[in-house]
Amino acid sequence: MASIALENVTKRFDDVTAVDGIDLSVTDGEFLVFVGPSGCGKSTTLRLIAGLETATSGSVAIGDTDVTDRDPSERNVSMVFQNYALFPHMTARENITFGMTASGSYANGEIGRLVDDAAATLDIEGLLDRKPAELSGGEKQRVAMGRSLVRDPEVFLMDEPLSNLDAKLRVEMRRELTALHEEFGTTTVYVTHDQTEAMTLGDRVAVMNNGRIEQIDAPQRLYDYPATQFVAEFIGSPAMNLLPVEIEERGDHPHAVTDAASISLRDGPELDALGQSRATLGIRPKYLSVVGDGDSVDGDTVDLEVDLVESMGDTLVVHGRAGTDHLRALSYDAHLPVEEGDRVSVTYETDRIHLFDRD
Ligand code: ADP
């Protein structure tokens, strides 16, 4: 096992800056997930750690060793890819052991034992003599994991390893990955565009945007304390409402004023940190409650012209317009009598408001 450290790492492809001055420190045994939209630089970062790309500037260390100029084979990392990267003409066993026999670093019989152990861990003992064409997607992914596992690397690098699997299998494999990490405790860096995968797998999650890390934190902290508007919008479903507001003192209280509402704010560090009176107010849909008939209202309300109601079975997402803003409110009452065209009142849970700088 080993820690990983990236210092001011940049990777340019001609005029594209794929990775833009990243600093990163992964602790020994940690499961770190990179998440972000397509093209934000996740895979390139992973490939820089693997040695499959060379940094334009900056340094990469694994454990105490600076590996910036080392080949992938000299880094003691093992990578699992989305497309499994199995040789079609070889059996599962041959795929798993590929290159190990030739390396000469294993004693007689040791490779067979290692494969049997990995196969037992991954429940693929019965598949070792099959070729990839005779395996399902999930089985191929297990064989690809087996190839990583037998090498007992210091670091596992995984690039969207579950993307080609169906939804049910993805959930199952997520659980297995967590169990594998608990068993072996190998430092793991995992890339995905799927926030559920990120939130459920990561000890910490790094949210990337435009080649930079926007925030790196424990999953729950990312959700509760998003550092930027980008993170606020990217993490959580349905996505956080974000509205442009002006901050004004009204009475003895600061208020966030939209063209449809004036929402009183609590004094606090977020408000203090704002550099200007223009801001973006963020509130998660679950903290906007639709006021039902006879509900007593405590706090500010906003009128919403409902333009869509989505039933999720156990919850409802009520979409509507408040002036020029579009808002989403989440109701835990799936039978709430609201439909398109209605006008409803929603209340803000003031404690749950986030404020972000607006350019
Ligand atoms: P992600 O994994 O987040 O989808 P990537 O790291 O694959 O993003 O890509 C980041 C940016 O770098 C993208 O704009 C992509 O087009 C570019 N890029 C990645 N690899 C190459 C390459 N080999 N040559 C040129 N551009 C590349």
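The values are calculated or read from the model by the stated rules, or taken from the named source; none is laboratory data. For clarity, every value in this text was computed on a predicted model and none was experimentally measured. Ideal geometry is used to build each Cβ from the backbone, glycine not excepted, and the neighbour counts take in all protein chains shown. Remember, those area values only see protein heavy atoms, side chains included, never the ligands or the DNA or RNA. Shrake-Rupley method; radii C 1.70, N 1.55, O 1.52, S 1.80 Å.
The strands (runs of 3 or more DSSP E) found wholly in region 137-236 and carrying at least 3 residues that are in contact with a helix residue (DSSP H, G or I) (Cβ under 6 Å, 6 or more places away or on another chain) and more than 22 Å from residue 122 (Cβ to Cβ) occupy 204-209.
Matching residues to (1) touching a strand residue (DSSP E or B) at 6+ places or on another chain (Cβ under 7 Å); (2) more than 16 Å from the ligand (Cβ to nearest atom):
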| site | (1), (2) |
| --- | --- |
| 42 | yes, no |
| 59 | yes, yes |
| 62 | yes, yes |
| 68 | yes, yes |
| 78 | yes, yes |
| 83 | no, no |
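Screening the candidates 186, 200, 178, 192 for the property of being surrounded by fewer than 14 Cβ atoms within 10 Å (Cβ to Cβ) and touching a residue at least 12 places away in the same chain (Cβ under 8 Å) yields one hit, 178.
Test residue 38 against the criterion of being on the phi < 0 side of the Ramachandran plot, part of a loop (DSSP other than H, G, I, E, B) and over 25 Å from the mean Cα position of the chain (by Cα), and give yes or no. For residue 38, the condition - on the phi < 0 side of the Ramachandran plot, part of a loop (DSSP other than H, G, I, E, B) and over 25 Å from the mean Cα position of the chain (by Cα) - is not met. Only residues that are open to solvent by 30 Å² or more (accessible area, probe 1.4 Å), within 20 Å of residue 222 (Cα to Cα) and in a strand (DSSP E or B) were counted across region 330-356, and they come to 0.
Considering only residues in region 313-325 that are open to solvent by 20 Å² or more (accessible area, probe 1.4 Å) and touching a residue at least 60 places away in the same chain (Cβ under 8 Å), the one that is farthest from the chain's Cα centre (by Cα) turns out to be 323.
Checking the stated criteria, residue 49 turns out not to satisfy the condition of being more than 21 Å from residue 193 (Cα to Cα) and either of a type in the set (A, V, I, L, M) or crowded, with 20+ Cβ neighbours inside 10 Å (or both). Filtered by the rule that a residue be under 22 Å from residue 226 (Cβ atoms), open to solvent by less than 30 Å² (accessible area, probe 1.4 Å) and not hydrophobic (A, V, I, L, M, F, W, C), region 265-306 gives 268, 280, 282, 284, 285.
Quick grid of which residues meet (1) touching a residue at least 60 places away in the same chain (Cβ under 8 Å); (2) in contact with a Cys (Cβ under 7 Å, 6 or more places away or on another chain); (3) more than 25 Å from residue 100 (Cα to Cα); (4) more than 15 Å from the ligand (Cβ to nearest atom):
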site	(1), (2), (3), (4)
13	no, no, yes, no
16	no, no, yes, no
20	yes, no, yes, no
38	yes, no, yes, no
52	no, no, no, no
56	no, no, yes, no
65	no, no, no, yes
74	no, no, no, yes
